[in-house]
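Heads up: the structure comes next, in structure tokens.
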Amino acid sequence: MAASGGAGVLIVSLASTTGLREADEELAAGLERAGASVELAVARRPLEVRTLALTDLLWARAARDAARAALARDPARTILYSTTTAALLWPRPGAIRFDAPAAGNRPGRHGLWQRPVERRRLARAPLLLPLSAGALEEAGAAAGATRALIVPLPVEPSGEAAPVRDIAAVTYAANPRKKGLDRVLEAWRRTRQLAGEGAELHVAGADPGQLRAAGISLAGEPGVRDVGPLSRAGYRALLRRARVFVTAPRREDYGQAQLEALADGCLLVTTPAPGPYVALAPARRLDARLVDDDLAAALAAALAQPDPAGYAARALAELAPMRAEAVQRRLGEELLPRLLGASQL
């Protein structure tokens with residue numbers, strides 16, 4: 001993606017998941033609407049390897065190669081690295097956008113080399129763009145707050161809700177173990193009768209290989225429908241039909257799926273989780289009964305009262321700082337001036 005005219009910005013994008021790719025494309029489009037000329041330098045997907053440390057190394061090398069190639073064409077552009085992984089082997093300093101740092105999501109041997117390199121990159125970056133206050137807090141002392149601007153991902157309702165919400169519950173399980181699909185299935189087994197005869201839990205986002213790797217089989221699970229990976233439009237259409245979105249993450253780096261579920265009118269049932277879990281505080285304010293380590297109890301409360309008065313409207317009010325108009329205003333009035341000013345330092 002590129003635009004003519006305006007200040008030049010280069011976004012170095014891993015695009016390692018659908019969510020990252022879409023977030024970077026949305027950021028590029030927002031900066032263009034604010035008047036910048038933007039290019040996305042997308043890392044070439046490396047071979048799959050067994051360890052997170054080696055995976056991050058290969059992705060960091062791919063991001064460095066993409067950045068170098070783009071800078072060779074136009075070395076004057078301001079650089080924004082999307083994720084700390086993209087910045088680990090940077091060819092030159094730039095702003096860093098991140099949902100969570102390796103300091104938080106790469107414990108122990110999984111982040112043996114990434115954590116110290118990340119600290120150095122965060123300390124040298126002219127501008128830090130965490131998606132949340134929690135992400136900035138996890139980054140620690142290396143991420144000076146005076147160099148930081150929180151810019152969340154925009155979230156909007158995807159359309160009109162279905163006249164009848166005919167799906168009892170949806171869960172998103174693109175990373176089945178991290179998203180706690182095993183916990184969700186156990187809670188559903190204990191509570192599905194409360195949802196009524198024929199009620200189903202739809203499991204979205206997980207392909208058969210991911211399920212096998214997590215030791216999970218959905219075959220023969222009563223009241224469970226595996227809908228697999230869906231298009232963005234197909235997934236959001238599912239949310240508009242669902243009464244409940246249920247999840248039990250072992251760690252949550254942001255939680256965009258939960259925010260989208262709230263935007264589309266679902267009750268959010270979740271366990272608390274470590275990490276900068278943005279949807280957690282709003283979910284507690286909306287209905288504290290639905291946030292519980294006892295996921296079955298929380299799910300039972302939601303299924304017993306499927307349409308609490310005012311929940312959907314209050315959810316949209318909670319999402320106000322993350323709505324598209326508010327995020328676009330921040331991009332134009334705060335991010336772009338600071339991004340271009342930081343590049344002059």
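The values are calculated or read from the model by the stated rules, or taken from the named source; none is laboratory data. It should be emphasised that the depicted structure is a prediction, and the values quoted were computed from it without experimental measurement. When we count neighbours, we look across all protein chains shown, and the Cβ atoms used for this are built from the backbone with ideal geometry, even at glycine.
Observations on the model:
- Verdict on Thr78 being surrounded by 24 or more Cβ atoms within 10 Å (Cβ to Cβ) and either at positive phi or over 23 Å from the mean Cα position of the chain (by Cα) (or both): no
- Members of segment 277-295 that are aliphatic (A, V, I, L, M) and surrounded by 16 or more Cβ atoms within 10 Å (Cβ to Cβ): Val278, Ala279, Leu280, Ala283, Leu286, Leu290, Val291, Leu295
- Note on segment 253-276: residues that are closer than 20 Å to Ala139 by Cα and buried (at least 23 other Cβ atoms within 10 Å of the Cβ) total 4.
- Lone qualifier among Arg250, Arg243, Arg212, Arg225 - being in the same structural domain as Ala298 (by TED's automatic domain parsing), under 18 Å from Ala169 (Cα atoms) and either surrounded by fewer than 19 Cβ atoms within 10 Å (Cβ to Cβ) or among the hydroxyl-bearing types (Ser, Thr, Tyr) (or both): Arg225
Residue-by-condition table, conditions (1) modelled with pLDDT of 95 or more; (2) touching a strand residue (DSSP E or B) at 6+ places or on another chain (Cβ under 8 Å); (3) among the β-branched types (Val, Ile, Thr); (4) closer than 20 Å to Gly332 by Cβ:
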residue	(1), (2), (3), (4)
Glu32	yes, yes, no, yes
Val38	yes, yes, yes, yes
Leu57	yes, no, no, no
Arg61	yes, no, no, no
Ala66	yes, yes, no, no
Thr85	yes, no, yes, no
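- Residue match in segment 296-313 (condition: part of a loop (DSSP other than H, G, I, E, B), charged (D, E, K, R) and buried (at least 18 other Cβ atoms within 10 Å of the Cβ)): no
- Qualifying residue in segment 174-188 (condition: in contact with a Pro (Cβ under 6 Å, 6 or more places away or on another chain) and modelled with pLDDT of 95 or more): yes
- Boolean, Asp65 is assigned to a helix (DSSP H, G or I) and surrounded by 18 or more Cβ atoms within 10 Å (Cβ to Cβ): no
- Of all residues in segment 253-285 being among the small types (Gly, Ala, Ser) and in a loop (DSSP other than H, G, I, E, B), the one that is farthest from Met322 (Cα to Cα): Ala273
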